[in-house]
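The values are calculated or read from the model by the stated rules, or taken from the named source; none is laboratory data. Predicted model, so just to flag it, every value in this text is computed and none were measured. All Cβ positions, even for glycine, are placed from backbone atoms using ideal geometry, and neighbour counts span all protein chains on display.
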Amino acid sequence: MNVAISSDHRGYLAKEQLKAYLKSRGVEVRDFGCKDPSSCDYPDSAIPAAQSVAKNESDLGIFMCGTGIGMSITANKVPGIRAALCHDELTAELSRRHNDANVLCLPADLIGEELIRRVVDVWLSAEFEGGRHERRIEKITAFESNGQQSGG
């Protein structure tokens, strides 16, 4: 598995800790920044990381900023990305099972290293259920493609 990882300055320390954890589990990590804890703008790392996932250059993405909100908003502007801001294991699991989220956004200032690890473990192991959820994802994909909402 190959995961794109991204942060701004507020998520930098958590990103570095998570990178080491993922590598220890045999996960290939592609780090899109930021490269140090100096102040930076989250779109500068979120956009290229999200594009990497959208182009299937990375299997999934994990993005972090102080609240996770900026990363989530930015990532979801990239067609093909379904970024979910998660604060616990249940939302992480459901984001994969029901929404086929391909980017996990985490609030580095609001949850600690241990919870981040648990959320990531659950998120990486959960699989999309398909079924009734598939048509919802197809509607999102159709809207991204043509800017029109498909029938209900």
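Which condition number does Cys86 fail, the rest of (1) crowded, with 24+ Cβ neighbours inside 10 Å; (2) under 22 Å from Glu144 (Cα atoms) being met?
That leaves (2) as the condition not met.
Being modelled with pLDDT of 95 or more, of a type in the set (Gly, Ala, Ser) and closer than 21 Å to Ile140 by Cα is true for just one of Ala4, Ala54. Which residue is that?
Criteria check complete, one pass: Ala54.
Between a first residue in the range 26-37 that is touching a residue at least 12 places away in the same chain (Cβ under 8 Å) and a second residue that is of a type in the set (Val, Ile, Thr), which pairs have beta carbons less than 8 Å apart while being 6 or more apart in sequence or on different chains?
Val27/Val3; Glu28/Val3; Val29/Val3; Val29/Ile5; Arg30/Val3; Arg30/Ile5; Asp31/Ile5; Phe32/Ile5
Please verify whether the range 117-128 includes one or more residues that are exposed (fewer than 15 other Cβ atoms within 10 Å of the Cβ), at pLDDT 95 or above and not in a helix (DSSP H, G or I).
Checked against the condition, which is being exposed (fewer than 15 other Cβ atoms within 10 Å of the Cβ), at pLDDT 95 or above and not in a helix (DSSP H, G or I), the range 117-128 yields at least one hit.
Can you name the number of the only condition in (1) assigned to a loop (DSSP other than H, G, I, E, B); (2) surrounded by fewer than 17 Cβ atoms within 10 Å (Cβ to Cβ) that Ile81 fails?
Checking Ile81 against (1) assigned to a loop (DSSP other than H, G, I, E, B); (2) surrounded by fewer than 17 Cβ atoms within 10 Å (Cβ to Cβ), the one that fails is (2).
Quick one: Ile140 ticks every box in (1) closer than 23 Å to Lys23 by Cβ; (2) part of a helix (DSSP H, G or I) bar one, so which box is it?
If we test Ile140 against (1) closer than 23 Å to Lys23 by Cβ; (2) part of a helix (DSSP H, G or I), just (1) comes out false.
Select, from Ser95, Ser145, the only residue that is farther than 23 Å from Lys23 by Cβ, under 12 Å from the mean Cα position of the chain (by Cα) and assigned to a helix (DSSP H, G or I).
So the residue among Ser95, Ser145 that is farther than 23 Å from Lys23 by Cβ, under 12 Å from the mean Cα position of the chain (by Cα) and assigned to a helix (DSSP H, G or I) is Ser95.
Report, by residue number, each residue of the range 6-59 that is touching a Lys or Arg at 6+ places or on another chain (Cβ under 6 Å) and within 21 Å of Pro79 (Cα to Cα).
Result: Ser7, Ser58.
Would you please name the residue that is surrounded by the most Cβ atoms within 10 Å (Cβ to Cβ), looking only at residues in the range 98-116 that are outside any loop (DSSP other than H, G, I, E, B) and free of Cβ contacts under 8 Å to residues at least 40 places away in the same chain?
Leu115
For Gly11, state whether it is small (Gly, Ala, Ser), out of contact with any Ser or Thr (no Cβ under 6 Å at 6 or more places or on another chain) and more than 30 Å from His133 (Cα to Cα).
yes
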